[in-house]
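First comes the structure, then the notes that go with it.
The values are calculated or read from the model by the stated rules, or taken from the named source; none is laboratory data. Predicted model only: the values in this text are computed from it and were never measured. A quick note on method: Cβ atoms are made from the backbone with ideal geometry, for glycine too, and the neighbour counts reach across all protein chains shown.
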Amino acid sequence: MNKAASLIVDTDPAFADIVESSPVCSIGNGARTSLNPFESLVGSVIAQQVSVKAADSITTRVTDYLDGDVSPEKVVNSSVEGLRAAGLSGAKTKTVKGIAEAIHTGVLDLHEALTHPDDSAVVAELTKLWGVGRWTAEMFLMFTMHRLDVWPTGDLAMRKGWNIVHGESGDIDPRILEPLGDPLRPYRSVVAWYCWRAMEGDDSSW
């Protein structure tokens, strides 16, 4: 059990079983995504409000449409119709092209964001973009920037997973969950990851 998992279990013993039955959390353990930051952010947009399976399928189709080159330049020069045909909704197409344009014109520097020490500042910068909400920015922080202390209480699956871990059913109000994460700093991203693992193991909760 690594340092983060040990602290989580010591602070909240309800996590002992899911920590024991899960692999080591991938967030902050030295592993890094092979995707470029833009491609990763596009993936977070695609994942908005769809199942993991659907997101994976659409991501594959979009990547194929872009000939494997998911870059700002390629997206800027792609057609709305082509992206729509690959599976993106009208809103997500607008968002993805808007992000690409912002990077292409220098309005947004994702590489600078990657080194910014303040998570809230990164969220504030990303959410200036049309169609990029707090959830999308938080997923980018967790899975691209590997920030360890993100607390995505707006994520329904995470909230349901929290309840499963604590022997409850259904959803928990984000306003109630928000302060419950405070004792688990600075590893709230890892806590969220274990909550998602709990959801994966409880089919009745989907």
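Brief remarks follow.
- Some residue of the stretch 45-60 being modelled with pLDDT of 95 or more, in contact with a helix residue (DSSP H, G or I) (Cβ under 9 Å, 6 or more places away or on another chain) and farther than 30 Å from N163 by Cβ: no
- Failed criterion for I99 (all others in (1) closer than 30 Å to D182 by Cβ; (2) of a type outside the set (D, E, K, R); (3) touching a residue at least 40 places away in the same chain (Cβ under 8 Å); (4) surrounded by 20 or more Cβ atoms within 10 Å (Cβ to Cβ) hold): (1)
- Yes/no for L88 being on the phi < 0 side of the Ramachandran plot, surrounded by 20 or more Cβ atoms within 10 Å (Cβ to Cβ), at pLDDT 95 or above and not hydroxyl-bearing (S, T, Y): yes
- When V165, V150, V132 are checked against the criterion of being of a type in the set (A, V, I, L, M), closer than 15 Å to Q48 by Cβ, surrounded by 15 or more Cβ atoms within 10 Å (Cβ to Cβ) and touching a residue at least 24 places away in the same chain (Cβ under 8 Å), a single residue qualifies: V132.
Yes or no, residue by residue, for (1) part of a loop (DSSP other than H, G, I, E, B); (2) among the aromatic types (F, W, Y); (3) in the same structural domain as G131 (by TED's automatic domain parsing):
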residue	(1), (2), (3)
L7	no, no, no
F15	no, yes, no
V45	no, no, yes
A55	no, no, yes
D64	no, no, yes
G68	yes, no, yes
V75	no, no, yes
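- Answer from A31, A113 - the residue that is modelled with pLDDT under 95 and touching an Asp or Glu at 6+ places or on another chain (Cβ under 9 Å): A113
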